[in-house]
Amino acid sequence: METRAFTPPSGFVDLLLDAVCVVDWEGRFLFVSAACERIFGYRPEEMVGTLMIEMVAPDDRARTLEAARQIMTGDCKTNFENCYLRKDGSRVHISWSARWSQSDQVRIAIAHDITERKRSEAVQAALYAISEAVHIANDLCALYPQIHRIINELLPAPGLTIALLDATHEHLDFKYHVHGLDGSTAASEAAHHTLCEHVIRLGRPLLLKPTSHVELPDFLRDAATRVAPCWLGLPLASSNGVIGALAVMEPNGSPCYTERDKELLQFVSTQIATAIKRKRLHSQLRHMAQHDALTGLPNRTLLLDRLDTALARARRNNHGFSLLYVDLDKFKPINDLYGHETGDKLLQEVARRIGQCVRDTDTVARLGGDEFVVLLDRACLRGDAELVAAKIRTELCGQMHVRDLTLSITPSIGIAIYPEHGVNAQQLLKKADDAMYEMKKRGQHIHL
């Protein structure tokens with residue numbers, strides 16, 4: 001059978017799903033096929049005569065110019081990937097195959113839209129990164145910047161906020177807030193708060209653009225005008241309901257977020273909510289393992305950990321510190337006479353009063369029963385420890401009002417100084433404990 005030659009119709013190239021582009025040596029489009037409108041948003045006549053590089057995303061321009069230079073020297077490029085800005089400002093990822101025609105002095109290229117593939121890859125990478133960040137971050141404060149970094153790799157987010165509801169779901173705490181934009185004011189921060197509360201109350205995303213403000217209720221329209229020109233807020237929804245809100249912002253001059261960006265971030269925000277909830281639970285369990293349930297003070301485990309840290313620092317810096325052992329002399333008769341509930345309230349008041357006598361850098365711990373230990377991390381002189389002990393004794397000897405009762409107790413306080421009375425935790429605790437019992441026997445107030 002004779003093979004007949006086929007001559008394509010004049011509009012054959014326009015039937016291709018991929019775009020065909022011809023660019024001159026200056027980098028201006030000489031010809032683009034019809035597919036360019038679907039991919040880039042511009043009609044062919046809008047693109048012809050414009051510089052190719054002006055459509056490339058700013059962060060990809062340097063490597064794109066270098067690739068163009070290599071093509072013009074005879075290097076045929078296949079599967080070169082970069083990012084362009086569409087007419088509506090959104091980003092489109094392109095895989096190019098291009099070569100240079102020496103006779104015509106033009107670059108001929110075919111552009112394949114890989115935006116969906118890149119989006120899928122980015123989402124998978126983000127989900128993996130979020131899961132990894134949960135394991136790496138020591139606490140929630142360390143997790144939030146990691147979340148910001150992950151989101152910033154999905155879409156531009158110079159400004160980001162994570163706001164969480166408290167345990168009662170009545171108060172909104174801004175746990176992480178990077179404005180990322182110029183001109184932040186008290187009014188803009190208040191507006192930001194209002195919008196986050198609205199997103200939580202609605203339980204669905206809110207995308208604000210300058211063109212969408214007229215559609216908002218009055219109270220939201222005023223808030224929208226005070227925040228970033230482009231603002232996208234999403235509820236952080238877990239299996240137990242909405243736990244907070246996530247918001248990203250872009251400044252003037254940047255392409256505004258799109259509905260696709262909203263869908264993308266909405267999917268990722270679910271994983272972020274799960275990560276935050278998991279980290280919260282981990283923090284609660286760790287707190288329970290290291291703190292006394294009744295008073296909220298550090299327990300023996302956390303005290304020993306902090307004592308080891310203080311010892312290492314003292315050895316490194318060649319300075320001392322003090323340890324106080326506090327026992328309540330009249331607690332047992334009160335507990336027996338008025339009951340355990342009164343005894344518990346009294347211990348809570350004792351913990352509060354001791355805490356008022358020390359600095360934030362010191363540690364007040366409850367070992368159990370009516371025994372407390374105070375680690376004075378930087379009180380290296382005997383006189384310093386004695387002053388704090390005297391202050392604690394004065395506070396605890398004062399009348400305490402508990403459950404309509406006026407109660408009185410007296411503390412016995414023993415003091416140990418590092419390195420004079422011991423060089424490890426066990427030695428220091430025993431010395432302070434022995435000093436406290438010696439004081440009880442002698443009927444003294446404070447003993448070293």
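The values are calculated or read from the model by the stated rules, or taken from the named source; none is laboratory data. Here the structure is a predicted model, which is why all the values come from computation and not from measurement. Positions of Cβ are backbone-derived with ideal geometry, glycine not excepted, and every protein chain shown enters the neighbour counts. Protein only, heavy atoms only, side chains kept; ligands, DNA and RNA dropped before computing areas. Shrake-Rupley method; radii C 1.70, N 1.55, O 1.52, S 1.80 Å.
For region 349-359, a residue qualifies if it is free of Cβ contacts under 8 Å to residues at least 24 places away in the same chain and in a loop (DSSP other than H, G, I, E, B), and exactly one does: ARG359. If PRO235 meets every condition in (1) closer than 17 Å to ALA273 by Cα; (2) open to solvent by 40 Å² or more (accessible area, probe 1.4 Å); (3) in contact (Cβ under 8 Å) with a residue 24 or more places away in the chain; (4) not aliphatic (A, V, I, L, M) apart from one, which number is that one? All conditions are met except number (2).
Only one of the listed residues (LEU346, LEU323) is within 27 Å of GLN290 (Cα to Cα) and either outside any helix (DSSP H, G or I) or more than 39 Å from the chain's Cα centre (by Cα) (or both). That residue is LEU323.
Taking the criterion of being open to solvent by less than 80 Å² (accessible area, probe 1.4 Å), in a helix (DSSP H, G or I) and modelled with pLDDT under 95, would at least one residue in region 97-118 satisfy it? So far as region 97-118 goes, yes, one or more of its residues are open to solvent by less than 80 Å² (accessible area, probe 1.4 Å), in a helix (DSSP H, G or I) and modelled with pLDDT under 95. Restricting the first member to region 22-47 and to residues that are outside the structural domain of ARG86 (by the TED database), and the second to residues that are at pLDDT 95 or above and crowded, with 17+ Cβ neighbours inside 10 Å, no beta-carbon pair is closer than 6 Å while six or more apart or on different chains.
Candidates LEU337, LEU347, LEU328: the one that is over 17 Å from ARG366 (Cα atoms) and out of contact with any helix residue (DSSP H, G or I) (no Cβ under 6 Å at 6 or more places or on another chain) is LEU337. Could you tell me whether ARG352 is under 20 Å from LYS391 (Cβ atoms) and open to solvent by 10 Å² or more (accessible area, probe 1.4 Å)? When the stated conditions are applied, ARG352 passes them. Taking the criterion of being in a loop (DSSP other than H, G, I, E, B) and either out of contact with any Cys (no Cβ under 8 Å at 6 or more places or on another chain) or exposed (fewer than 15 other Cβ atoms within 10 Å of the Cβ) (or both), the residues of region 23-64 that qualify are TRP25, GLU26, GLY27, ALA34, GLY41, ARG43, VAL48, GLY49, THR50.
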